[in-house]
Amino acid sequence: MGQVLDKRTAESRQYDIDCSRLLAAGETIASITSIGADQGALTFGAASVNGVPITYPDGRTVPVGKVVHVLISGGVLLPSQPFLMCTVRALFSTNLSPAVEATELLRLVNTPNI
């Protein structure tokens, strides 16, 4: 599990799930089986795997085949909830394993009153 992702309920945002710490040297994501969350009524777009190395603002570079890209939209909070911590789970197969699961925490917050 990496950093906590933040998302407002009204947003549709592209997120990266860095799976490099789960994978052995030379192991890459072959296909994505499913992506879901334990709560929050989030909607997930079609997921893809990085085809080029990705360098993040912190200077870290992740090689090809080790990041899941996914568009996350929507989300529902009760009026009394200022936020909701959701566990996002990406299940995928690799060139070495038939089933690996990556998890990330996503903090869902309401859009501020306008």
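Could you give the dipole magnitude of the stretch 1-74 about its Cα centre, charging the beta-carbon of Lys and Arg +1 and that of Asp and Glu -1, in debye to the nearest 20? Each step should come with its number before you reach the end.
Working: 6 positive and 7 negative charges, 12 e Å.
Using Cβ point charges on Lys, Arg, Asp and Glu, the stretch 1-74 gives about 60 debye.
Rounded to the nearest 20, the size of the Cβ-charge dipole of the stretch 1-42 about its Cα centre is 100 debye, with Lys and Arg at +1 and Asp and Glu at -1.
Scanning residues 5 or more positions from Val67 or on other chains, those with amide H under 5 Å from its amide H are Cys19, Asn50, with H placed 1.01 Å from N in the peptide plane. Only one item in (i) 17.9, 59; (ii) 14.8, 50; (iii) 15.4, 51 matches Rg and Dmax of the Cα atoms in Å derived from the coordinates shown, and that item is (ii).
Each peptide among 17-23, 71-77, 7-13 gets the average number of other Cβ atoms lying within 10 Å of its residues, and from highest to lowest they stand as 17-23, 71-77, 7-13. Dipole of the chain computed with +1 at Lys/Arg Cβ and -1 at Asp/Glu Cβ about the Cα centre; of Ala37, Val88, Ala10, farthest Cα towards the positive end is Ala10. Taking amide H positions as modeled 1.01 Å from N, with prolines and chain starts lacking one, the residues under 5 Å from Ala41 and 5 or more places away or on another chain are Val76.
Rounded to the nearest 20 debye, the dipole size of the stretch 31-114 about its Cα centre is 80 debye, using +1 on the Cβ of Lys and Arg and -1 on the Cβ of Asp and Glu. Applied to the stretch 7-14, the Karplus parametrisation 6.51 cos²θ - 1.76 cosθ + 1.60 on θ = phi - 60° returns per-residue 3J(HN,Hα) values of 8, 7, 4, 7, 7, 10, 10, 7 Hz, with x for Gly and Pro.
Between Ala24, Asn110, Val67, whose Cα lies farthest towards the positive end of the dipole of the chain when Lys and Arg beta carbons carry +1 and Asp and Glu beta carbons carry -1, centred on the Cα centre? Comparing the listed Cα positions along the dipole, Asn110 ranks first. Only Cα pairs under 8 Å and 6+ residues apart enter the sum, and on that basis the relative contact order of the chain stands at 40 percent.
Computed from the coordinates by the stated procedures, all read-outs in this text should not be read as laboratory data. None of the values given here were measured: they were computed from a predicted structure. Every residue, glycine among them, receives a Cβ derived from its backbone with ideal geometry; neighbour counts consider all protein chains shown.
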